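Trainee: If you scroll down you'll find the structure; I have some questions about it.
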Amino acid sequence: MAHLRTTRREFLQAAAAAAGASALPGCLLDSLPPLHDGGFAATAIIRAADYGNVLFDAVEQGFALVPPPDVNGKRVVLKPNFVDLPRDGRPAVTNPAVIVAAAEAFRRRGAAEVIVAEGPALQRDAYEILDASGLTPLLDEHRLRFVDLNLDDLIRRPASPVITGVDHVFLAASVARADVLVGMPKMKTHHWAGASLSMKNQFGILPGAAYGWPRNRLHHVDLNAAVFEINRVRAPDYCIVDGIVAMEGNGPIQGTGRKVGVLVFGDKAPAVDATCARIMRLAPERIPYLRLAAGVLGPIGEANIEQRGETIAAVAQSFDVLDHLSNLRM
């Protein structure tokens, strides 16, 4: 295990020195450490045809197959992806109906408080996104509080200086103090990282007040290594991925919609993201931040992930990706 840590540290130092080469996954593949996968995780794929009332049953099915952490009497923070204002034909944000269905499911399990929290990367007015996405009236109807993580109080946590340039990062206080943090990303391609899923969604827990919009410092040093490091500091405790209508092509904001009709559940973000990548017919071991996370934050290999619910083969679709990402295809 000591050898594994050394290998990853050496990679991160080399990646930081490269300063931007990581934007193209093909530039990283030759320099990635050997794949040291390990551990075990379960993920569940549940069909959901649309964003109607079927979602309440779909979330319960997912929870039954891969139970979330105990939330009785605890504060649960739901972290969706609200990167920017939703545009016609570009499903860039987590659908509000999925958020509400999850919130009610956690309340039924005794959660003392359920909060929706996000720090949008591009649109500084988070509440404009809430209005445009249709979440605002649902928050009122279901008595849910929203926190703009970009403007939240700051909590300091230790981190690798290789990525941040310092030995700490600042997290949004609402995330740092959450008893249970639930990542709720949209299933999307990403023009630099290959895929934007549960691990990439954690970028939103770093306040814009500390890191700017859209956290350019961390993107420009080394995006993949930064995703890995942020998840080492604070990974989600549970993940629910909105893949009912996903995004392909020039994601995470300028792609086009692709209907997949699934929600993906799990308690290890790398395993959940690896399952989603396979649904998108992308090879998770070729996505650099998943390669870094393998065996450290959770497994990504099929042999280490028990697939529950629907099979990957039954729902997989070949997502369009940009030409420079074609080497990520399975």
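Trainee: Go through the stretch 175-206 and give me each residue that's outside any helix (DSSP H, G or I) and touching an Asp or Glu at 6+ places or on another chain (Cβ under 6 Å).
Mentor: 180, 181, 186, 189, 197
Trainee: Then there's this: Restricting attention to the stretch 175-195, which residues are buried (at least 23 other Cβ atoms within 10 Å of the Cβ), closer than 24 Å to residue 145 by Cα and out of contact with any Cys (no Cβ under 9 Å at 6 or more places or on another chain)?
Mentor: Correct list: 175, 178, 181, 186.
Trainee: Now for a different question. Residues of the stretch 296-317 being over 20 Å from the mean Cα position of the chain (by Cα) and more than 22 Å from residue 267 (Cβ to Cβ), which ones?
Mentor: Passing the criteria: 313, 314.
Trainee: Residue pairs, Cβ under 6 Å, 6 or more apart or interchain, first in the stretch 307-330 and charged (D, E, K, R), second at pLDDT 95 or above and part of a loop (DSSP other than H, G, I, E, B). List them.
Mentor: Close Cβ pairs (under 6 Å, with a partner that is at pLDDT 95 or above and part of a loop (DSSP other than H, G, I, E, B)) amount to 320/249.
Trainee: Out of 128, 104, 113, I need the residue that is touching a Lys or Arg at 6+ places or on another chain (Cβ under 6 Å), without any contact (Cβ under 8 Å) to a residue 60 or more places away in the chain and not hydrophobic (A, V, I, L, M, F, W, C). Which one?
Mentor: Details: 128 fails: touching a Lys or Arg at 6+ places or on another chain (Cβ under 6 Å); 104 fails: touching a Lys or Arg at 6+ places or on another chain (Cβ under 6 Å).
Of 128, 104, 113, the one residue that is touching a Lys or Arg at 6+ places or on another chain (Cβ under 6 Å), without any contact (Cβ under 8 Å) to a residue 60 or more places away in the chain and not hydrophobic (A, V, I, L, M, F, W, C) is 113.
Trainee: Can you list residue pairs whose Cβ atoms sit under 8 Å apart, with the first residue in the stretch 134-148 being within 19 Å of residue 84 (Cα to Cα) and the second being exposed (fewer than 11 other Cβ atoms within 10 Å of the Cβ) and at pLDDT 95 or above? Count only pairs 6 or more apart in sequence or on different chains.
Mentor: Listed pairs, sorted by first residue: none to list.
The values are calculated or read from the model by the stated rules, or taken from the named source; none is laboratory data. Bear in mind the structure is a predicted one, so any value in this text is a computation, not a measurement. Positions of Cβ are generated from backbone atoms using ideal geometry, with glycine treated the same way; all protein chains shown enter the neighbour counts.
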